[in-house]
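Reading through the structure tokens given below for one structure.
The values are calculated or read from the model by the stated rules, or taken from the named source; none is laboratory data. Just so it is clear, the model here is predicted, and its values are computed rather than measured. Cβ sites come from the backbone with ideal geometry, for glycine too, and all protein chains shown count toward neighbours.
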Amino acid sequence: MLWHVGNTTVRTPYRLKEALEVLYSSPLNGNIDGKEAEQKFLQLLNDNEVVESKHADDIVKASFHGRKWRSALYQLGFITPKAIKDLETNEKVELETIVSQVESLTGRYYEVTPNGSRLLDSERLPAQQECFLRALANYKIASPIEPDYKCKPFSPLRFILKIISGLEVAGSEHRLSFNEFALFVQTSTPENGVDKIIEQILSF
């Protein structure tokens with residue numbers, strides 16, 4: 001198994017705030033469904049210099065890249081998703097059922113969420129980092145928006161922190177190198193056993 005958070009298209013999470021800013025004040029807020037809308041989203045990002053794309057006029061390539069940006073935003077909870085499934089029954093759950101108690105949301109797909117609004121309002125870096133921490137603290141694999149992972153739901157953030165803490169207890173540096181993360185952490189889940197993963201890292 002190889003799990004991931006978001007995608008590599010955005011490169012750095014701090015660009016998400018810029019994307020949210022142009023999305024929030026546009027007609028695409030709550031309306032990025034379908035190839036034409038995905039293309040318009042990339043064009044919007046391109047016109048506002050969030051990205052520099054040569055594909056904005058090519059609907060196939062533009063919709064692909066627009067979809068990647070949209071995916072990063074909804075995976076971290078800054079906009080609402082579209083596809084929500086019950087992990088036990090694998091049946092579709094209507095978005096309106098999920099967001100009906102959130103006053104600021106209408107139930108539309110891909111509309112800026114309360115945490116997205118917090119990110120928009122954050123002017124200083126620590127405030128932005130708190131928004132990302134909130135997002136990561138709630139992020140799970142598998143989840144109702146990413147049900148295809150074949151594992152028991154777990155928090156990647158908590159999983160990584162347990163491993164780092166265990167390394168410190170074992171007398172090692174309380175950090176993970178790129179290779180350690182890639183070889184032993186991102187290919188595992190808590191079901192593999194945190195202690196066993198720590199032993200593998202120390203042996204490595």
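Yes or no: A142 among the aliphatic types (A, V, I, L, M) and buried (at least 18 other Cβ atoms within 10 Å of the Cβ)?
Working: among the aliphatic types (A, V, I, L, M): yes; buried (at least 18 other Cβ atoms within 10 Å of the Cβ): yes.
Answer is yes for this residue.
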- Under the condition of being hydrophobic (A, V, I, L, M, F, W, C) and under 15 Å from N192 (Cα atoms), which residue from the stretch 159-180 is surrounded by the most Cβ atoms within 10 Å (Cβ to Cβ)? I163
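Please verify whether I164 is assigned to a helix (DSSP H, G or I), modelled with pLDDT of 95 or more, under 30 Å from S188 (Cα atoms) and touching a Lys or Arg at 6+ places or on another chain (Cβ under 7 Å), treating the condition exactly as stated.
Numbers: assigned to a helix (DSSP H, G or I): yes; modelled with pLDDT of 95 or more: yes; under 30 Å from S188 (Cα atoms): yes; touching a Lys or Arg at 6+ places or on another chain (Cβ under 7 Å): yes.
Answer is yes for this residue.
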- Item | Those helices (runs of 4 or more DSSP H) lying entirely in the stretch 50-148 with at least 3 residues closer than 22 Å to E36 by Cα and more than 15 Å from the chain's Cα centre (by Cα) | 59-75
- Query: If you go through the stretch 116-137 one residue at a time, do you hit one that is at pLDDT 95 or above, more than 28 Å from S26 (Cα to Cα) and either surrounded by 17 or more Cβ atoms within 10 Å (Cβ to Cβ) or in contact with a Ser or Thr (Cβ under 7 Å, 6 or more places away or on another chain) (or both)?
  - Reply: no
- Do we have F184 as closer than 19 Å to M1 by Cβ, in a helix (DSSP H, G or I), at pLDDT 95 or above and more than 20 Å from the chain's Cα centre (by Cα) here? yes
